[in-house]
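Below is one structure, written out as structure tokens; comments come after it.
Computed from the coordinates by the stated procedures, all read-outs in this text should not be read as laboratory data. The shown structure was predicted, so the numbers you read here are calculated from the model rather than taken from an experiment. Ideal geometry is used to build each Cβ from the backbone, glycine not excepted, and the neighbour counts take in all protein chains shown.
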């Protein structure tokens, strides 16, 4: 995404009316992109609708840190969303609870993160935006120091 981009995020577009309201909000604030959680059932088809109104579409998720869960999410992005025109993906590796399924704050998650990113990047066009959220004061030692940030930035 270019400097000065404005992105509006949503967790789920549960209905056509929610999607329409979200699109209106995005246009009203001058958003250049929207970011929609991959679990939103409307996401694949919504990509073209947002493109039609001049808005790029990113997807995001707190993916599972297990090998199978991470690969399932990466394959969904690579095989379903990128072919539908997805413009980018933002991974959120910060869980709220240690030991949760999406807890990446463990050194052994580095190869899982590298494979996760590799699957997505291998399917993506050169223009694809790939990002990682950081809601904590990294690299403070008490703020999830073991998230494999380097692996997420292939």
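Each label was represented as a point 7 Å from its Cα along the Cα-to-Cβ direction; for residue 118 and residue 68 these points are 2.1 nm apart.
Each Cα pair under 8 Å and six or more residues apart adds its sequence gap; the mean of these over the residue count of the stretch 1-78 is a relative contact order of 28 percent. Against the longest principal axis of the chain, how steep is helix 43-52, in degrees 0 to 90 to the nearest 10, with axes from Cα atoms? Orientation of helix 43-52: about 50 degrees from the principal axis. Look at the Cα gyration tensor of the chain: its axes a ≥ b ≥ c give a/c of at least 1.5 with a/b over b/c, and that counts as prolate. Measuring r between the beta carbons of residue 150 and residue 84 and using R0 = 41 Å, the FRET efficiency lands at 0.85. Under 8 Å for C-alpha pairs, at least 6 residues apart: give me the relative contact order for the chain, rounded to a whole percent. Across the chain, relative contact order equals 20 percent. Helix 67-76 and the longest principal axis of the Cα set of the chain meet at an angle near 20°.
The modelled label-to-label distance for the pair residue 39/residue 126, using points 7 Å beyond Cα in the direction of Cβ, is 3.7 nm.
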